[in-house]
Structure formats: structure tokens, C-alpha cells
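To start, the structure under review is shown below, and the notes come after it.
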Amino acid sequence: MTDHKDERTVQDIFDEERENYNRIEDLEEEIDDIKKLKEELKICKIKIKVLEKERQILQIDLLKEEKLEWIESDLNGWRKYVEENYYDPVKYYIYRYDGSIRQAGYYKGEFK
């Protein structure tokens with residue numbers, strides 16, 4: 001007695017061929033998408049350089065232009081400045097490095 005379960009039919013082959021052709025189409029579409037993405041990535045990387053150059057032309061350094069002045073200060077010095085210069089309500093900054101305070105103070109003229 002032969003077990004007919006294990007025998008493949010012509011229909012099985014047709015089904016598998018159809019699945020294989022469909023998979024080939026899907027893969028070709030994905031490859032085309034990857035090519036498009038690679039081209040878009042290339043364009044974006046070029047754009048980075050263009051934008052950086054444009055930013056450097058337009059960007060100003062407020063410290064160099066003396067529009068801002070860094071004042072090294074403790075909290076009491078900052079508080080005194082804020083109370084005496086209500087028109088310039090500056091923020092107090094603490095710059096840390098490796099867990100310890102590196103600099104503390106405020107930017108005079110920040111609000112302006």
C-alpha cells in the first residue's frame with residue numbers, strides 16, 4: 001500500500017512556481033526601493049554640506065559680536081545682577097564635566 005500523502009501533484013508544482021514568481025517580483029520591487037533609498041541618502045548627505053556652508057555664512061557669534069558677555073558668577077552674584085537689571089532677566093547656567101561644576105554664571109545681555 002502506497003502513502004499518497006507524500007506524493008506531489010502537478011498542482012503543487014504550479015502553486016510553488018506561482019509563489020516563487022511572486023516572491024521574485026516582491027524582491028525586485030524591494031531592490032528598486034533600496035536603490036531609490038540609496039540615491040535619496042546620497043542626496044541628503046550632499047545637502048548636509050550645502051546647509052552647513054549656508055549656516056556658517058548666516059550664523060553670527062554673539063560673544064564675538066559682543067552682543068553677549070559671559071559673566072563667571074556664583075548664585076549670589078547672579079541674583080544681585082537680576083535684581084539690579086530687571087530689564088535683563090538672565091538665566092543662571094551651570095556647566096558640568098565628569099560630575100563636577102566646570103563653570104557657573106550667566107550671559108549678560110541674553111534677554112536683549
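Every number in this text was worked out from the coordinates using simple rules, so none of it is lab data. Just so you know, these numbers come straight off a predicted model, no measurement behind them. Glycine also receives a Cβ, built like all others from the backbone with ideal geometry; neighbour counts cover every protein chain displayed.
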Notebook entry, point to check: Quick one: would you say ASN76 is among the polar types (S, T, N, Q) and either surrounded by 10 or more Cβ atoms within 10 Å (Cβ to Cβ) or not in a helix (DSSP H, G or I) (or both)?
Noted result: no
Next item on the list: Could you tell me which of the residues LEU68, LEU63 is closer than 30 Å to ASP88 by Cβ, in contact (Cβ under 8 Å) with a residue 24 or more places away in the chain, of a type outside the set (D, E, K, R) and surrounded by 10 or more Cβ atoms within 10 Å (Cβ to Cβ)?
Entry: LEU68
Checklist line | Which listed residue, of ARG23, ARG96, ARG55, ARG8, is within 36 Å of the chain's Cα centre (by Cα) and either of a type in the set (Phe, Trp, Tyr) or exposed (fewer than 10 other Cβ atoms within 10 Å of the Cβ) (or both) | finding: ARG55
Check: Scanning for something aliphatic (A, V, I, L, M) and part of a loop (DSSP other than H, G, I, E, B), does region 48-57 turn up at least one residue?
Finding: no
